[in-house]
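Notes follow the structure.
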Amino acid sequence: MNAKHALLSLQLPQGAVTVRLIRRARQSVGIRIKDGAVELIAPPAVPLAYLHEVLAKKSGWIASHLARHHAEQDERALTQGQVLLGGESYRLHCVAANRHQAQLVGDTLHLAGPMLEQPARLAASVVGYLQQEARQRFAARLEQWQPRAARPLSGWGLSSARTRWGSCTGKGVVRLNWRLVQAPESVLDYVIAHELAHLLHMNHSPAFWAEVGRLYPGWHGARQWLKQHGDSLFRYG
């Protein structure tokens with residue numbers, strides 16, 4: 001190892017931290033946090049025992065600055081996140097708050113809430129927003145699609161299934177996977193048409209696909225999109 005550089009160890013409440021010792025011609029001993037690493041700059045003649053004393057005295061300052069650096073890193077990571085909605089990608093910006101709030105402004109989804117630096121909390125907050133949007137958007141699309149169906153729906157709801165995009169019961173109740181709110185509207189329309197076709201045919205016979213074609217002639221492209229990109233809709237849950 002270069003004699004002008006060495007590695008020291010400093011014990012902090014969060015654990016041991018490596019300190020890079022840099023020997024340089026100067027009048028005093030200095031400490032800095034650079035890119036999340038602790039550096040101790042000292043004149044060549046200063047003994048190691050004294051440098052350990054300096055680190056011990058400055059341990060509180062070092063701990064607080066490292067914590068601030070990590071918090072800023074977490075904030076940048078959250079800000080650089082992405083969320084899909086209606087086939088469009090939006091930047092994700094999170095701030096600490098006592099109550100959960102979400103607002104879409106321009107190309108950014110702003111989320112506020114407690115402990116969003118924790119991945120599980122962030123995912124739950126994003127899922128909550130997407131499910132709220134799904135209820136509103138799905139209701140509007142179903143209202144437009146129902147007049148084309150062979151018979152009226154008895155009801156509808158959201159689904160959290162991991163293997164099905166939609167379902168239709170014999171009683172005429174349709175369920176749509178909330179994750180579809182992230183997909184382009186044409187894909188949502190295909191799944192709606194698929195389930196409405198089940199109101200007439202509770203199978204996947206040629207007659208069923210003919211009904212899908214009657215309801216939504218351009219369904220092939222949307223079905224292919226799901227096959228190619230469906231996995232991306234499971235990013236947050």
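Values for this structure:
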| quantity | calculated |
| --- | --- |
| Filter result (buried (at least 23 other Cβ atoms within 10 Å of the Cβ) and touching a residue at least 60 places away in the same chain (Cβ under 8 Å)) within the range 168-202 | 181, 182, 183, 187 |
| Criterion violated by residue 83 - all others in (1) outside any strand (DSSP E or B); (2) modelled with pLDDT of 90 or more; (3) among the aliphatic types (A, V, I, L, M) satisfied | (1) |
| Options 134, 139: the member that is surrounded by fewer than 16 Cβ atoms within 10 Å (Cβ to Cβ), out of contact with any His (no Cβ under 6 Å at 6 or more places or on another chain), in the same structural domain as residue 183 (by TED's automatic domain parsing) and not in a strand (DSSP E or B) | 139 |
| Any hit, the range 129-136, residues being of a type in the set (D, E, K, R), farther than 30 Å from residue 193 by Cα and modelled with pLDDT of 90 or more | no |
| Given (1) modelled with pLDDT of 90 or more; (2) not assigned by TED's automatic domain parsing to the domain that holds residue 125, number of the condition residue 33 does not satisfy | (1) |
| Residue 232, sole failed condition from (1) buried (at least 18 other Cβ atoms within 10 Å of the Cβ); (2) under 17 Å from the mean Cα position of the chain (by Cα); (3) closer than 15 Å to residue 86 by Cβ | (1) |
| Candidate set from the range 159-194 (those that are under 21 Å from the mean Cα position of the chain (by Cα) and farther than 20 Å from residue 136 by Cβ); member that is modelled with the highest pLDDT | 161 |
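The values are calculated or read from the model by the stated rules, or taken from the named source; none is laboratory data. This is a predicted model, so every value here is computed, not measured. Cβ sites come from the backbone with ideal geometry, for glycine too, and all protein chains shown count toward neighbours.
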